[in-house]
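Notes for the one structure printed next.
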Amino acid sequence: MTTNTADTEMFSRSGQILAAVHRYVFGLPVRGRRVLDVCEMVEARIRELGALPAFPCNVGINEVAAHYTSPVGDRSMIPDGSIVKIDFGAEVDGFITDTAVTLSLSPAYDAMVVAVEAALKEAIAAVTPGRRISEVGGIIERCVRSYGYKPIKDLSGHKIERYRIHADKTVPNVSGFGRDRFEVGEVYAIEPFLTLKRASGTIRALKDSYIYRFMTVKGAPTGDAEKLADYIQNTYRGLPFTPRWLVERFGEETITETFKELVRRKCVVGYPVLVEASGSVVAQAEHTILVTEAGCRTLT
């Protein structure tokens with residue numbers, strides 16, 4: 001699905017808001033802060049600027065690559081000497097943009113940030129309508145390896161559509177032979193991930209999930225669970241959410257007990273926390289782009 005003029009304007013509006021948040025995040029003093037504080041500050045900034053979070057703010061420390069957001073009552077801290085990924089998105093009437101930054105809290109990781117930002121810049125410069133998406137994956141891989149790092153092969157960028165963060169096409173971070181091509185009017189999140197050269201370069205899923213999406217009200221028990229399921233369905237429209245967003249409205253007891261029942265009955269499903277398989281540190285960079293006749297335009 002490609003975007004029309006009205007859709008393009010809405011994606012642009014979402015992107016302008018997220019670009020401002022992107023600049024804000026770069027200036028955040030995260031060293032020694034609670035992860036929960038960072039998540040809430042980023043999400044609050046998105047709301048202050050006139051959008052909604054498209055998904056819970058992700059904070060990935062060291063080997064954590066994706067899908068960690070603070071659960072209810074999270075006391076974890078961002079340690080000195082770490083490398084921190086902050087991944088966040090804005091949604092305006094279902095029009096989503098997605099971006100991420102990596103903050104180095106140690107000189108040992110500064111070069112990783114330079115490398116992943118360079119890979120993102122080269123990938124965006126290579127996007128043209130009609131080009132095979134897999135070629136951009138090859139460009140990312142060559143850039144990452146030229147800096148002495150390894151791309152994470154089983155994480156990728158993704159096409160975005162209204163109310164769909166991950167649509168029907170992916171943008172790999174390694175070379176391949178896929179036949180999908182970029183088309184004018186499409187919106188993509190381009191997001192290289194890299195790790196150390198000696199690392200596995202793959203990810204594994206933990207048992208823990210702190211981000212969820214709605215699946216069905218079928219099977220939900222009556223009473224509080226049914227009310228909670230209806231609220232989730234109508235509020236988030238299939239977009240990812242976190243149980244901590246529900247505490248103010250429903251109370252912590254409902255979230256700790258009733259929500260577990262919705263998970264057990266598969267009314268909602270979780271995104272497991274993803275870590276680098278060999279325990280190595282990870283860096284990430286991301287922007288959302290709109291494919292144009294002249295190439296592409298960075299929205300975030």
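The values are calculated or read from the model by the stated rules, or taken from the named source; none is laboratory data. All values derive from a computational prediction rather than experimental measurement. A quick note on method: Cβ atoms are made from the backbone with ideal geometry, for glycine too, and the neighbour counts reach across all protein chains shown.
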Identify, by number, the condition in (1) farther than 28 Å from residue 29 by Cβ; (2) surrounded by 17 or more Cβ atoms within 10 Å (Cβ to Cβ); (3) aliphatic (A, V, I, L, M) that residue 194 doesn't meet. (1)
Restricting attention to the stretch 39-70, which residues are within 22 Å of residue 104 (Cβ to Cβ) and β-branched (Val, Ile, Thr)? 42, 59, 61, 64, 69
Could you give me the residue pairs with C-beta distances under 9 Å whose first residue belongs to the stretch 29-51 and is farther than 23 Å from residue 11 by Cβ, whose second residue is among the β-branched types (Val, Ile, Thr) and assigned to a helix (DSSP H, G or I) wherever it lies, and which are 6+ apart or on separate chains? 30/38; 38/25; 41/25
Please go through the stretch 67-101 and give me each residue that is aliphatic (A, V, I, L, M) and either closer than 20 Å to residue 289 by Cβ or not in a strand (DSSP E or B) (or both), ordered by number. 72, 78, 86, 90, 92, 96, 100, 101
Going through 31, 13 one at a time, which residue ends up being surrounded by fewer than 21 Cβ atoms within 10 Å (Cβ to Cβ) and touching a strand residue (DSSP E or B) at 6+ places or on another chain (Cβ under 6 Å)? 13
Considering only the stretch 137-148, I want to know if a residue exists there that is surrounded by fewer than 18 Cβ atoms within 10 Å (Cβ to Cβ), in contact with a helix residue (DSSP H, G or I) (Cβ under 6 Å, 6 or more places away or on another chain) and farther than 30 Å from residue 7 by Cβ. yes
Within the stretch 186-203, count every residue that is among the hydrophobic types (A, V, I, L, M, F, W, C), within 30 Å of residue 9 (Cβ to Cβ) and under 12 Å from the mean Cα position of the chain (by Cα). 2
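Every residue in the stretch 272-290 that is over 30 Å from residue 128 (Cβ atoms) and small (Gly, Ala, Ser), please. Explain how you work it out, then say what you get.
Our first condition is that a residue be over 30 Å from residue 128 (Cβ atoms); within the stretch 272-290, this holds for 272-281.
Those that are over 30 Å from residue 128 (Cβ atoms) and small (Gly, Ala, Ser): 277, 278, 279, 280.
Does residue 239 count as of a type in the set (A, V, I, L, M, F, W, C), touching a Phe, Trp or Tyr at 6+ places or on another chain (Cβ under 7 Å) and in the same structural domain as residue 155 (by TED's automatic domain parsing)? Can you show your working first?
On the way: of a type in the set (A, V, I, L, M, F, W, C): yes; touching a Phe, Trp or Tyr at 6+ places or on another chain (Cβ under 7 Å): yes; in the same structural domain as residue 155 (by TED's automatic domain parsing): no.
No; evaluated as a whole, the condition is false for this residue.
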Residue 75 versus (1) of a type outside the set (Asp, Glu); (2) surrounded by fewer than 17 Cβ atoms within 10 Å (Cβ to Cβ); (3) more than 28 Å from residue 256 (Cβ to Cβ): which is the lone unmet condition? (3)
Being touching a residue at least 12 places away in the same chain (Cβ under 8 Å) and over 25 Å from residue 212 (Cβ atoms) narrows it down to one of 58, 4, so name that one. 4
